[in-house]
Amino acid sequence: MNLSASFGGNFIPLSQCSSYNHIRFKPLLYSPRIGCRSHTKFIFHKFSRTLFRGNVKVICRMSETETEHESNNDEERKLPDENDELPASDLVSADNSEQGSSQPVANDESPDSGRLQSESPVNDNDAVTNVDQPKVEDVKDTQVASGSPLPGVKPQQLDESIRIPKETIEILRDQVFGFDTFFITSQEPYEAGILFKGNLRGQAARSYEKITKRMEDKFGDQYKLFLLINPEDDKPVAVVVPRKTLQPEATAVPEWFAAGAFGLVTIFTLLLRNVPALQANVLSIFDNIELLEYGLPGALVTALPLAVHEISHALVAKEIGIKLGMPYFVPSWQIGSFGAITRILNIVPKREDLLKVAAAGPLAGFSLGIVLLLLGFILPPADGLGVIVDASVFHESLLAGGIAKLLLGDALKEGTPVSVNPLVIWAWAGLLINAINSIPAGELDGGRISFALWGRKASARLTGACIVLLGLASLFNDVAFYWVVLIFFLQRGPIAPLSEEITDPDNEYKALGVAVLLLGLLVCLPYPFPFTADAVTSF
């Protein structure tokens, strides 16, 4: 591959260097790395096979753990700070370029490649390469491995015409990236694109804007830039891929048809949940279909927080410019619905945008659900009787139990039935649906929130922990069992890559995200305190 090393402002093809090593790393990306970076102190003992004919040319030397970066375009180049690492070309005295001639000198020993010697001078047209090592452009089968910087991007059988040409890669290195944005130290093939490793300069968001602007000026919208965190070493990496490789997958069934079918089944389960007579014998529904109308009030109240949840997602996403697919409502025999699965169809720009969209739904759903729950405790039942429940049922939720104890007072006694407005049960179901969607796992709203708050690695760990906890809870709760199955098979993730995943959200949005996660915990965690003083003394 005709990559370039820089020396004194002139670019020399890497193939003219005396040697270079083709390095293979851990199984993260399964791809060779090529390039050269001079020793830390940039001590040049001797020049090997150097010929001066108007332009200075130098033979690069490197070890397996060393790579050299290239200089940036003169128009975009800015002086680095005092603490920045300078390239070798800036540390070599300019006196060397004033020499009129050069004699061939035997090479020094390289710690990795051994001693390379030549019996004749190197001419301008000579290309000294290591024939035993394949070139970067010869690598055709590079695939995205699990845990790679672009999770969720499936390996594809790509046509060679889609791959980024080596000339374009050179332009990206020399003219698009720079000292003021992302200082490249090495590169690796990545699917049809290229992955650059190096040092991020300044704020990630600002650097991303600069690099994107330069790419658009050079190539239009032909390529897409991702500025991500490498899961292997937690360092920034830049990935450039052709936009053709990021086309969304087509579904076998039209989205509107599948979403409509799931919606109809969910309406049925919402109605069925509020008709106990039909729940006892599901098959009797066909003979008593008219009884479903008795479940209409409860279905509407339960569905209100769910509907507000999805509408809030859509409104915030539209404002930001994020495209959402149609919501797939998930039916449930236990509580009527498990919420909805909503796909993000385009690439989210940054973590703050993802946080806004993910938190908008649960915040709206929780707000309406809590208002309805309070009204249920305050308003008397319309028929004067309401729903008779045992007081122990309020131990199942810290939020519902706390509100019940606050508003009912001494009427709430252990082991004593209590009459409540049916609105309490309906609103509680709506809160539970929102709380389930706020679990910090996979591609649920809670999983997207945790990713936006703490990054991809922390989110993956939370997902694993939540699946384990839900698996243990499923031994005692059938709702937990169905939900852990749903997460594991449909919502496990990973979340698709964002354009720029390095910048943290602003503090006010972080507070909203944490509030959603806490509200979910308050709904799902049990109320641990006794309701009466007599129960306290008995302990």
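The values are calculated or read from the model by the stated rules, or taken from the named source; none is laboratory data. Just so it is clear, the structure is predicted and the values come from calculations on it, not from any experiment. We place every Cβ from the backbone using ideal geometry, glycine too, and count neighbours over all the protein chains shown. Each accessible area value is taken on the protein alone, full model and side chains, heavy atoms only, with ligands, DNA and RNA left out. Shrake-Rupley method; radii C 1.70, N 1.55, O 1.52, S 1.80 Å.
Of Lys197/Lys350; Lys218/Lys356; Lys213/Lys318; Lys166/Lys244; Lys210/Lys510, which pairs sit farther than 29 Å apart, going by alpha carbon to alpha carbon? Spell out each step's value before the answer.
Numbers: Lys197/Lys350 20 Å; Lys218/Lys356 33 Å; Lys213/Lys318 24 Å; Lys166/Lys244 18 Å; Lys210/Lys510 26 Å.
Table pairs above 29 Å Cα-Cα are Lys218/Lys356.
Rounded to the nearest 10 Å², what accessible area does Asp504 show when all protein chains are kept and the probe is 1.4 Å?
Answer for Asp504: close to 80 Å² accessible.
For a distance above 16 Å, tell me the whole-number percent of Cα pairs in the stretch 195-269 that qualify.
Taking all Cα-Cα pairs of the stretch 195-269, the fraction more than 16 Å apart is 66 percent.
Label-point separation (nm) for Gln279 and Ala458, each offset 7 Å from Cα along Cα-to-Cβ?
3.9
Count neighbours as other Cβ atoms within 10 Å of each site's Cβ, and list the trypsin sites (Lys or Arg not before Pro) in the stretch 447-498 that are DSSP loop with at most 16 such neighbours.
Counting only loop positions with at most 16 other Cβ atoms within 10 Å, the trypsin sites (Lys or Arg not before Pro) in the stretch 447-498 are Arg492.
What full-extension length gain, to one decimal in nm, is calculated for Val389 and Asp478 as 0.36 nm per residue of separation minus the Cα-Cα distance?
Answer, rounded to one decimal: 30.0 nm.
Which FRET efficiency, nearest 0.05, do Glu167 and Lys318 yield, Cβ-Cβ r, R0 41 Å?
The computed FRET efficiency comes out at 0.55.
If you take every residue apart from Gly365 with its C-beta less than 13 Å away from the C-beta of Gly365, what net charge results, scoring Lys and Arg +1 and Asp and Glu -1? Let's see the in-between values first.
On the way: positive: none; negative: Glu310, Asp445.
Result for the local shell: -2.
Relative to the present Cα-Cα distance, how much length would full extension add between Leu521 and Gln247 at 0.36 nm per residue of separation?
Full-extension gain reported as 94.9 nm.
Between Phe219 and Val514, what is the spin-label point distance in nm, taking each point 7 Å from the Cα along the Cα→C-beta axis?
Taking the simple label geometry, Phe219 and Val514 are separated by 4.0 nm.
State the volume of the convex hull built on the alpha-carbon positions of the stretch 381-518, expressed per residue in Å³ and rounded to an integer.
Given the Cα convex hull of the stretch 381-518, per-residue volume reads 139 Å³.
Loop-only check: which GluC sites (Glu not before Pro) in the stretch 179-261 are DSSP coil with at most 10 other Cβ within 10 angstrom?
Values: sites: Glu191, Glu209, Glu216, Glu232, Glu249, Glu255; in loops: Glu191, Glu232, Glu249.
Qualifying residues, ordered by number: Glu249.
Return the whole-Å distance between the Cα centroid of the stretch 418-443 and the Cα centroid of the stretch 493-532.
Distance between centres, Cα-based: 16 Å.
Normalised radius of gyration for the stretch 272-344, please: alpha carbon Rg relative to 2.2 N^0.38 Å, two decimal places.
Taking N as the residue count of the stretch 272-344, the ratio is 1.40.
Roughly how many Å is it from the Cα centre of the stretch 262-332 to that of the stretch 179-246, as a whole number?
44
Can you pull the accessible area of Thr168 for me, 1.4 Å probe, Å² to the nearest 10?
20
Restricting attention to the stretch 154-242, which trypsin sites (Lys or Arg not before Pro) occupy a DSSP loop and are surrounded by at most 10 other Cβ atoms within 10 Å?
none
Can you report the principal axis dimensions of the stretch 458-539 using only the alpha carbons, biggest first, rounded to whole angstrom?
Taking the Cα atoms of the stretch 458-539, the three principal extents are 59, 33, 16 Å.
Got a number for carbon plus sulfur as a percent of the stretch 344-488's accessible area, 1.4 Å probe?
The C+S portion of the solvent-accessible surface of the stretch 344-488 is 69 percent.
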